Amino acid sequence: MKLIDEKGKVLGIINVIDLIILLVIVLVGAGAAYKYTHKEAQGEIKTVEFQVMVPCVRPELAQAVKAGDKMVQGGSYTTVTVKSVDIKPGLSVNLNAQGNKVISYDPYMKDVFVVNEGKVNISSASITMGGQEIRIGKDYYVKSRDYELKGTIMKIEVKD
């Protein structure tokens with residue numbers, strides 16, 4: 001007896017295409033059953049608050065960021081919202097007359113500290129919010145419908 005006969009049936013019982021479709025349905029069902037029966041696969045919904053520092057921004061761009069703005073990904077809004085905005089004089093590193101590096105304030109440019117907040121399902125070793133991975137030191141685009149600024153994540157707080 002052949003494994004696949006001249007009619008395309010496996011062991012003369014079921015068509016190869018039908019067998020593949022049946023296997024896909026069984027695998028999807030098994031995955032869904034695992035997800036809904038194992039607590040660690042589901043994760044937990046937690047509120048995550050993180051601060052992004054956007055350095056050296058023109059003052060008029062800094063004023064565009066407002067508390068309550070919703071972040072966007074692609075063409076749609078995400079669950080991430082701007083909680084607060086703090087605009088400070090921009091820090092810069094310059095050389096003094098002796099050639100030593102000194103920290104000074106830029107008289108024009110601003111540093112913008114944006115605190116974002118959102119709810120996320122934490123089910124793995126990384127946190128992804130608004131289509132971007134949240135990790136201290138990682139670049140983050142503070143992006144709403146009206147502006148897009150590139151900053152660095154400074155701190156993260158996961159709340160219960």
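The values are calculated or read from the model by the stated rules, or taken from the named source; none is laboratory data. Note that the coordinates shown come from a computational prediction; the quantities given were computed from them, not determined experimentally. All Cβ positions, even for glycine, are placed from backbone atoms using ideal geometry, and neighbour counts span all protein chains on display.
Details
- When segment 114-160 is filtered for residues that are surrounded by fewer than 18 Cβ atoms within 10 Å (Cβ to Cβ), part of a strand (DSSP E or B) and in contact with a Gly (Cβ under 9 Å, 6 or more places away or on another chain), the ones remaining, listed by number, are 121, 122, 139, 141, 152, 154.
- Where helices (runs of 4 or more DSSP H) fall wholly inside segment 1-105, the ranges with 3 or more residues that are among the β-branched types (Val, Ile, Thr) and at pLDDT 90 or above are 16-37.
- Among the criteria (1) touching a residue at least 60 places away in the same chain (Cβ under 8 Å); (2) within 19 Å of residue 160 (Cα to Cα); (3) among the basic types (Lys, Arg), the one residue 83 does not fulfil is (1).
- If the condition is being among the small types (Gly, Ala, Ser) and either within 14 Å of the chain's Cα centre (by Cα) or farther than 25 Å from residue 58 by Cβ (or both), then segment 101-143 contributes 118, 123, 124, 125, 126, 130, 131, 137.
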